[in-house]
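Shown next, in structure tokens, is the structure this report addresses.
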Amino acid sequence: MRAIAAALLLAGSADAFQPKTFTGSKRSGFLGLFGKEQAPQQAQQAPKWGVQVPLRDAVSLDATLAPDDSAEATGSQKKDVIGEYCKAHGGDRPIRKILIANNGMAATKSIMSMRQWAYMQLGDEKAIEFVAMATPEDMKANAEFIKLADSFVEVPAGKNSNNYANVDVITKIAKDKGVDAVWPGWGHASENPKLPDTLNAMGIKFIGPNSQVMAALGDKIAANILAQTAGVPSIPWSGDGLTAELNAEGKIPQDIFDSAMVTNEEEALAAANRIGYPVMLKASEGGGGKGIRMSNNDEELKTNFVQVSNEVPGSPMFMMQLCQGARHLEVQIVGDEHGNAVAINGRDCSTQRRFQKIFEEGPPSIAKPATFREMEKAAQRLTQTIGYCGAGTVEYLYNAESDSFFFLELNPRLQVEHPVTEGISLVNMPATQLQVAMGIPLNRIPDIRRFYDKEDPEEGDSPIDFMEDDYRAIDTHVIAARITAENPDEGFKPTSGTIERVKFQSTTNVWGYFSVGANGGIHEFADSQFGHLFAKGPNREAARKSLVLALKEIEVRGEIRTTVDYLVQLLETKEFKENNIDTSWLDGIIREKSVSTELDAHTTVASAAIYRAFAHAKQERGLHLEALGKGQLSMGPSLASTSKWPLEITYKDVKYAFDVLRLAEDTFQFKINGGEFECKLREQPDGSLLATFGGMTRKIVGQEEPLGLRVVIDGTTCLLPNVFDPSELRTDVTGKVVRFLQGDGEQVEKGEAFVEVEAMKMIMPLKATESGAIKHELNSGAIISAGGMLASLTL
């Protein structure tokens, strides 16, 4: 390696388990890993000849061509296992057919979990029939949930207001397909009160709270007012001191609600100066990092007001003081229609960037047990008082130094990190939602009874005082990592594109699931998260180590970027190991760039040269063989290009000029500025290269993209950008233009934001790479692809 380093320096101065490709349909569920015996799954029978033929018109829905099964049913009626279970456990509404009104991670996890419960509890994983909704983009992306469902209906393409968030489309499908219930998941229409209202009128069960409770608690402004009314501590915000009871319509009186809002830039500035910077501006209907911005001064707030307004159009907005040095702790609650509310421990979600969670863990060991129990009881009181029914999450800000907590919000839905709770409690959360929707009391649900160490979990009906009785001691720690299609080198910008394969190295302590698999992809309307890993251990450190090992072995190959190698570096920091972090910790790391996944420049440039040299030789060989096949025997000087050629690599504004000599079929020599090194190569069946040079063997995967060469070296991703005209301002994301921030001909400075773009449901600014007078090459609303030119500069 010394020879390589010396040569490049001169140029610079001028596991036990076999890896398997995941398809997301892995059925050995999370609860099986964390303590329950996992029964083998029955092989699914292929359909005889019936198929679902979805029409593109969402109103027409789909036609079903299926054989007459009456002959099979004659003389033998299939046992109604759902009906019998529901009746035996005190329920009154058997649910046998469910529409999954969601996609991606939510749809995948819900079907997997409920199928697992059906087999483990009822002995029949097909006891419940699942109908999915699928956009053309999801079908093209080879989404896993479509394959997991029993049938699907194609819905209109584009943004979610056309499909998964469209109540009219959802309810039309639910009625025409004859489902018993709709599972909304998270995001999309999961917090739209119109959905449960409309379904209720149709006689279809919504698996979640009723519309009045959803509107009251799902709205962050109303939730804060109710929390203040219930005596739960709140931090300074635009609705300080407001209290109210729900009126006959189940709503906060409008005049009180309006008093907590900021409706324009002037009101926002006034509230911020009264509360004191830094502040967070929030859309009441936002979530998942969408519709929330932190501002340190008036100028930032003016910009952020527009961005939040665009991310969640029409949503009421409010403002709260940023609680510095705080942890983000959550309590998982479930309420039933019999007036019971249980707290199933909770989670610590303090590792965030742009208010989007990265790691989640449980139990939240940073809080004193007595204090956390008070947080649980406060969550139970808040939800029980207004008759909350279903799964929800009460979020708090917790100050470890003062051992104090403040209400943040209540999410009236299941959250993506719920498997952390499953791992420490062994309670199947989607299955618990299902049983609550069937009218089964919480104390009759076997998983809940086991959580409270009841001797007769399966058939018992003895009461449980969820406010006073203690659940069993938690003896496991779980840490989860979100796998997202984002570029950590560019501030976690979302990326989209195809995925060739996902390889995940399982261990006895780590489980994961993915919403896409081989030959899939992440489209521009999708959420950036496509995978989730969960590691367990007897304590936090053991769980951390297991997660690090699993992340080091995961491989995602395709056009997207992922955060995997960056997550490993975060887990290895001293602060994370010592659990000495807060909600601003990761944003500080990103701002200071104190964590980096970059390799040294010599290794990066050498690997890029090796990849491009091999690709060139392979391409030239193919062209010559094609010519020979056409009988073109005289190829003249072109043959020389297969044995010797020049090669240039540009990295970090330095150009490296190599002379490449092919010494043998698998051996290349690279010369640069009087130095040289040799490399022996072997192409693997998956297209990767095993390259031996400098005394080491490295695995290299390369891909040419519109913006440059992306090369993955032993799992670490490096981008070597193409050299563009400095007067061209190009985009590195796929999405659409929201607005330009300067008029045509106006001056823009280097490093100043010149445009806002929307990519994968997030609004983000792009900054000018040089100073000059700007000329817009596109209009607002224009669709853009990575590498496309947005504007030009007169330098």
Exercise. How big is D, in µm² s⁻¹, for the stretch 105-228 by Stokes-Einstein at 25 °C and 0.890 mPa s if Rh is the Kirkwood radius over C-alpha pairs?
Worked result: 157 µm²/s
Problem set entry | Cα-Cα P(r), the stretch 626-734, percent of pairs per 5 Å interval | 2, 9, 13, 18, 20, 15, 10, 9, 3, 0
Problem set entry | Cα convex hull of the stretch 296-378 - mean projected area over all directions, nm² | 8.0 nm²
Seminar exercise, completed: Checking the stretch 402-490 for trypsin sites (Lys or Arg not before Pro) in a loop per DSSP with at most 15 other beta-carbon atoms within 10 Å yields ARG472
Problem set entry | Ratio Rg/Rh, restricted to the stretch 451-502 and using Cα atoms, in which Rh is the Kirkwood radius | 1.35
Problem set entry | Approximate shape of the stretch 420-525 as ellipsoid semi-axes (Cα gyration tensor, √5λ), whole Å, largest first | 39, 16, 14
Problem set entry | Cβ-placed point charges (K, R +1; D, E -1), dipole of the chain about Cα centre in debye, nearest 20 | 1860 debye
Exercise. Over the Cα atoms of the stretch 693-766, what Rg and Dmax result, in angstrom?
Worked result: 17.1, 56
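Please report, in whole Å³, the volume per residue of the convex hull around the C-alpha atoms of the stretch 209-344.
It comes to 122 Å³ per residue, whole-number rounded.
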For this session: Could you estimate the translational diffusion coefficient of the stretch 540-600 from the Stokes-Einstein equation, with Rh from the Kirkwood formula over C-alpha pairs, at 10 °C and 1.306 mPa s, in whole µm²/s?
Result: 124 µm²/s
Exercise. When the Kirkwood radius is taken over all Cα pairs of the stretch 346-495, what Stokes-Einstein diffusion coefficient follows at 10 °C and 1.306 mPa s, in µm²/s?
Worked result: 93 µm²/s
Exercise. To the nearest whole percent, what portion of all C-alpha pairs in the stretch 262-407 is separated by more than 28 angstrom?
Worked result: 27 percent
For this session: Pull up all non-local amide H partners of ALA165: gap of 5 or more, or a different chain, and H-to-H distance under 5 Å with H placed in the peptide plane.
Result: none
Exercise. So what does the Cα-only Debye profile of the stretch 127-174 read at q = 0.17, 0.18, 0.28, 0.29 Å⁻¹, as log10 I(q)/I(0), no solvent term?
Worked result: -0.47, -0.53, -1.09, -1.14
Seminar exercise, completed: Once the dipole of the chain is set up from charges on Cβ (+1 Lys and Arg, -1 Asp and Glu), the residue from the list THR650, ASN102, PHE372 lying farthest towards its positive end is THR650
For this session: Taking all pairs of distinct Cα atoms, average 1/r, flip it, and tell me the Kirkwood hydrodynamic radius of the stretch 145-303 in Å to one decimal place.
Result: 18.0 Å
Problem set entry | Full-stretch length increase - LYS87, ASP725 - with 0.36 nm per residue and alpha-carbon distance subtracted | 222.5 nm
Exercise. Taking the alpha-carbon set of the stretch 333-398, what are its Rg and Dmax in Å?
Worked result: 12.9, 39
For this session: Would you mind working out the accessible area per residue for the chain, using a 1.4 Å probe, and quoting it in Å²?
Result: 41 Å²
For this session: Name the residues whose placed amide hydrogens come within less than 5 Å of the amide hydrogen of GLU129, ignoring near sequence neighbours (fewer than 5 apart) on the same chain.
Result: LYS97, ILE98
Seminar exercise, completed: Here P(r) for the stretch 659-795, Cα-Cα distances in 10 Å bins, as whole percents, is 11, 29, 24, 16, 18, 3
Exercise. So which GluC sites (Glu not before Pro) in the stretch 413-494 pass both tests, a DSSP loop state and at most 14 other Cβ atoms within 10 Å of the Cβ?
Worked result: GLU455, GLU458, GLU459, GLU468
Seminar exercise, completed: Rh (Kirkwood, all Cα-Cα pairs) for the chain, Å, reads 28.6 Å
Problem set entry | Within straight-line cross-link reach of LYS750, lysines at Cα separation under 17 Å, skipping those fewer than 8 residues along the same chain | LYS767, LYS775
For this session: Pairs of Cα atoms under 8 Å, at least six residues apart: use those to get the relative contact order of the stretch 409-457, whole percent.
Result: 26 percent
Seminar exercise, completed: Fraction of alpha-carbon pairs in the stretch 751-795 farther than 15 Å apart, rounded to whole percent, equals 44 percent
Exercise. Given Cα pairs under 8 Å that are at least 6 residues apart, what percent is the relative contact order of the stretch 369-441?
Worked result: 26 percent
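The values are calculated or read from the model by the stated rules, or taken from the named source; none is laboratory data. All values reported here derive from a predicted model rather than from experimental measurement. No Cβ is skipped: glycine too gets one built from the backbone with ideal geometry, and neighbour counts run over all protein chains shown. For accessibility, only protein heavy atoms count, side chains too; no ligands or nucleic acids. Shrake-Rupley method; radii C 1.70, N 1.55, O 1.52, S 1.80 Å.
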